[in-house]
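Engineer: Please read through the structure below; I'll follow up with questions.
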Protein chains: 4
Amino acid sequence: MAAAEEGTAPPEGQVRVSETDRVKAFSDGVFAIVITLLVLELRVPDYHEGGLLTGLRHEGASYLAFVVSFGYIGVIWLNHHALIRLVRGTTLALNWINLTILFGAVIIPFPTAVLASAFTEGDSADQRAAVAFYALAAALMSAPWLAFFSYLHRHPTLRAREVGPEHVRNQRVRPVTGLILYGLSGLLGWFVDPVVGLIGIIVMIVYHAVTSEGLRAGPLGRLFPRGG
Amino acid sequence: MAAAEEGTAPPEGQVRVSETDRVKAFSDGVFAIVITLLVLELRVPDYHEGGLLTGLRHEGASYLAFVVSFGYIGVIWLNHHALIRLVRGTTLALNWINLTILFGAVIIPFPTAVLASAFTEGDSADQRAAVAFYALAAALMSAPWLAFFSYLHRHPTLRAREVGPEHVRNQRVRPVTGLILYGLSGLLGWFVDPVVGLIGIIVMIVYHAVTSEGLRAGPLGRLFPRGG
Amino acid sequence: MAAAEEGTAPPEGQVRVSETDRVKAFSDGVFAIVITLLVLELRVPDYHEGGLLTGLRHEGASYLAFVVSFGYIGVIWLNHHALIRLVRGTTLALNWINLTILFGAVIIPFPTAVLASAFTEGDSADQRAAVAFYALAAALMSAPWLAFFSYLHRHPTLRAREVGPEHVRNQRVRPVTGLILYGLSGLLGWFVDPVVGLIGIIVMIVYHAVTSEGLRAGPLGRLFPRGG
Amino acid sequence: MAAAEEGTAPPEGQVRVSETDRVKAFSDGVFAIVITLLVLELRVPDYHEGGLLTGLRHEGASYLAFVVSFGYIGVIWLNHHALIRLVRGTTLALNWINLTILFGAVIIPFPTAVLASAFTEGDSADQRAAVAFYALAAALMSAPWLAFFSYLHRHPTLRAREVGPEHVRNQRVRPVTGLILYGLSGLLGWFVDPVVGLIGIIVMIVYHAVTSEGLRAGPLGRLFPRGG
């Protein structure tokens, strides 16, 4: 279609639909930068002659945090990859929702650093504050995914051809699960024990890793996500 | 068309027209980097044991500045997204104009930092200087958008097929509004009150957010911009 | 094919295959950022009036390290370029393997910095530790390449049309060579002499440079790699 | 053509030709990052209350250096944009040449910083050294452009369809001019006067700006470059 070659589709009703190429390029750029900036945190330890190996071992915890953060941003990228595949075009509203999704990805290094700081240098009160802060950030991050799926559910003409309406409806389960369980993790961390809250957060990251390709309809599909 | 597959269209008169793919890729890269570099400003506060929550609350203003800057660069990206959709190809002159548009985006963190510094550490004279400096930067940023629309108006063969000549002509209202009202904000900030100038600047950011998809022709269109 | 235009191919068995465009964009973004961040290490030397030339000469070793690192990341990018050309689509499993490949590229500046530090400031024990650490990192980097070729060998439908099954099988020789010889270099560096280990590492970088386009079948092909 | 859709063209003789999409994406990423990293150099001046305006004026020279560097990298991007349009595919050799072109772009901030340092803090000997160093870097940057045009001249099948052989041959004039006149500027700066060398360098930047779209054949074409 000639209009598609020009990067613009004709308006539908009042909503202007355009291709997703720039949304993908911009989003991939943001994800690539966030995941690469993490390496700036890796530093050669200070050491006296003969003490390099000991120095590297002492920094082990911060290297582990780097690996976890790299994996977490990778998980979000895979989820975003699957998200954009659901639509055949984007609108101004979807672009704004996407910007808030990226906002959530961009801030990840910050609550992660607060958490690492609280568990290495802080006391129990700091750890409770850090877990609650992390849970708040995670809530911020789940909300725009719910907005994306809901918007797509209300605008079926934006769905990619091979995606069924019930598939989009099912995906809303994931950010709602995220909102509720990240919130619960924050409350558990604040009122019960920060480590309990932390375990809840890690469980949620793994949950988003295994469901990145989306949930399938039906009770089995909710247990066994798609993908190879 | 064979030539289009090779990434190059035949010359029109003396002007060589090429596809917009690299302009989009380069621009998206610049926007993605600027918006992500902002996170480098977010730092874990210094605190004594048990003081993390208080420390985070004290830094609240700088976190707010991060959110505003993220939104502002997002607004410029959306405007740029709509801008490139107006053309079916680019020329050397458009590439230079685009570079000056990107220049405006890249410097945003700097006048923002000057403004934040003046309102947290400076006196009234500093605040007046910072608002005037910000207004000067905003004028620099509006000028190339006017140049883009004017160039496109004079070279109708570069217009994307579904874009009418009157649409391009109408868009010139936006950067002219920006030039005049940012300038006025600077003068108000310098001669009257820095806070009055600041309010003018924030109003203009919101104006560019709601008109990112372009102004529609006619008096109603100027009030109600396109887009979903 | 309509489905391909939408960025999604129909599922094969249970595996969902999608286009490689976002994998390429994300990977290129990561490589471009890692290779450019290296320049942040280049600093104007401290000098007294008239001492700039001497100062620049003193920093010669760190400038050489910059050149080597730039070339190394370039080699990995060329290998990745040839790797992605082998497949006609990507799956969730390939995306995860690709993320671990990128992980290896992103950490390069860190073991390189440890190595440079050990050979300029450390003693023999530090140098042995640094060479062993580098060899460990190199093993981490070879493993996902082996996983990629093995996965592609087991899923022939993912192969690009012009790539034969024996070509994919042959490529597994390269990461296996990397795993064994990087490991051997680490053991030699730790137990014999760090310089011997270092020479082994440099030989392996050159090996990956000349075989970036892949090994050809047959004994001659293993000596004379493809490419122009 | 089916093979082209897969991102790979059939081999020609022994040389494997592939599409330029990843070369463009990787190069645009590098250019976008280098041009954006410059903003990290812009800092709010230290000032006492009421001294912000004075502080900003004092930093004027470094802000000018930022503008010049932004323009210079923009010029190289435009030249690269036109360079890639000359070819219909890339080979391993062209990829290596492109990496050395990017190397030249990535290091720009460094000799620029040395130059700025020498002219603000150094004496005449430092300035001579800095101008000679800058000229050496500029020679490094011109050489791979000559290699690119020469390789393309020797491999006419790689030329984009609408590009004539004499056009490619003519382009070699530009990097040769760069090599000779940057070298001459270095010698003039070292043996005569650093300011004379500096003027030569600035003239060369402007020369590459106005010839970014390539030289036209014939004596007039050499004076009046193509482009809009």
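Taken together, the values in this text are just the output of simple stated rules run on the coordinates, not laboratory data. All of these numbers come straight from a predicted model, not from anything done at the bench. All Cβ positions, even for glycine, are placed from backbone atoms using ideal geometry, and neighbour counts span all protein chains on display.
Engineer: With a sphere of radius 13 Å drawn around the Cβ of A:HIS153, what net charge do the other residues whose Cβ falls strictly inside it have (Lys, Arg +1; Asp, Glu -1)?
Structural biologist: Local charge sum for A:HIS153: +3.
Engineer: If each DSSP helix of 4+ residues adds -39,500 (n - 2.57) and the sum is divided by the residues in the protein assembly as shown, what number results at 222 nm, nearest 500 deg cm²/dmol? It would help to have the intermediate numbers written out before the result.
Structural biologist: Working: 44 runs with 648 residues, N = 912.
-23000 deg cm²/dmol, from helical runs alone.
Engineer: So for the pair D:LEU136, A:LEU140, with labels modelled 7 Å out along Cα→Cβ, what separation do we get in nm?
Structural biologist: Distance between label points: 4.8 nm.
Engineer: FRET efficiency for B:ASP46 and D:SER150, Cβ-Cβ distance as r, R0 = 45 Å, nearest 0.05?
Structural biologist: 0.20
Engineer: Ignoring solvent entirely, what values of log10 I(q)/I(0) come out of the Debye formula for the stretch A:28-101 at 0.15, 0.18, 0.21 Å⁻¹ when each Cα is a single scatterer?
Structural biologist: -0.65, -0.80, -0.95
Engineer: With r defined as the distance between the Cβ atoms of B:VAL203 and A:GLU162 and R0 fixed at 51 Å, what FRET efficiency is calculated, to the nearest 0.05?
Structural biologist: 0.70
Engineer: Here is a further query. In 5 Å bins starting at 0, how do the alpha-carbon pair distances of chain B split up by percent?
Structural biologist: Distribution as computed: 1, 6, 12, 16, 16, 14, 11, 8, 6, 4, 2, 1, 1, 0, 0 percent.
Engineer: Below 12 angstrom from the Cβ of C:TYR47, what's the summed charge of the other residues (Lys, Arg +1; Asp, Glu -1)?
Structural biologist: Overall, the nearby charge balance is -4.
Engineer: So, one more: Within 10 Å of each Cβ in peptide B:48-54, how many partner chain Cβ atoms are there on average? Round it to a whole number, please.
Structural biologist: Per residue, the average neighbour count from other chains is 6.
Engineer: Between the alpha-carbon centers of the stretch A:143-195 and the stretch B:154-195, tell me the distance in whole angstrom.
Structural biologist: When both Cα centres are located, 39 Å separates them.
Engineer: Just the Cα atoms of the stretch A:61-113, one point each, no solvent: what log10 I(q)/I(0) does Debye give at q = 0.18, 0.20 Å⁻¹?
Structural biologist: -0.67, -0.76
Engineer: Next question. Connecting C-alpha atoms closer than 10 Å in a GNM of chain B, tell me which of B:LEU52, B:LEU94, B:LEU136 has the biggest fluctuation.
Structural biologist: Looking only at B:LEU52, B:LEU94, B:LEU136, the biggest GNM fluctuation is shown by B:LEU52.
Engineer: Report the residue, chosen from B:ARG16, B:ARG169, B:ARG43, that carries the largest GNM mean-square fluctuation when chain B is represented by alpha-carbon nodes joined by springs under 10 Å.
Structural biologist: B:ARG43
Engineer: Which whole number gives the average count of other chain Cβ atoms within 10 Å of the Cβ atoms across peptide D:121-130?
Structural biologist: 5
Engineer: Between A:THR54 and C:THR120, what is the FRET efficiency for a Förster distance of 25 Å, r being their Cβ-Cβ separation, to the nearest 0.05?
Structural biologist: Once rounded, the FRET efficiency stands at 0.85.
Engineer: Using a 10 Å cut-off on Cβ to Cβ distances, tally the other chain neighbours for every residue of B:201-214 and report the average as a whole number.
Structural biologist: Values: counts 0, 0, 0, 0, 0, 0, 0, 0, 1, 1, 0, 3, 5, 1.
Averaged over the peptide's residues, the number is 1.
Engineer: So, one more: Whole-Å semi-axes of the stretch D:61-194's equivalent ellipsoid, largest first, each the root of 5 times a Cα gyration tensor eigenvalue? Walk me through the numbers before you get to the answer.
Structural biologist: Values: eigenvalues 211, 48, 26 Å².
Equivalent ellipsoid semi-axes, largest first: 32, 16, 11 Å.
Engineer: Name the residue, out of D:GLU19, D:GLU213, D:GLU121, whose mean-square fluctuation peaks in a Gaussian network model built on chain D with Cα pairs under 10 Å.
Structural biologist: D:GLU121
Engineer: May I ask for the Kirkwood hydrodynamic radius of the protein assembly as shown, worked out over all distinct Cα pairs and given in angstroms to one decimal?
Structural biologist: 29.4 Å
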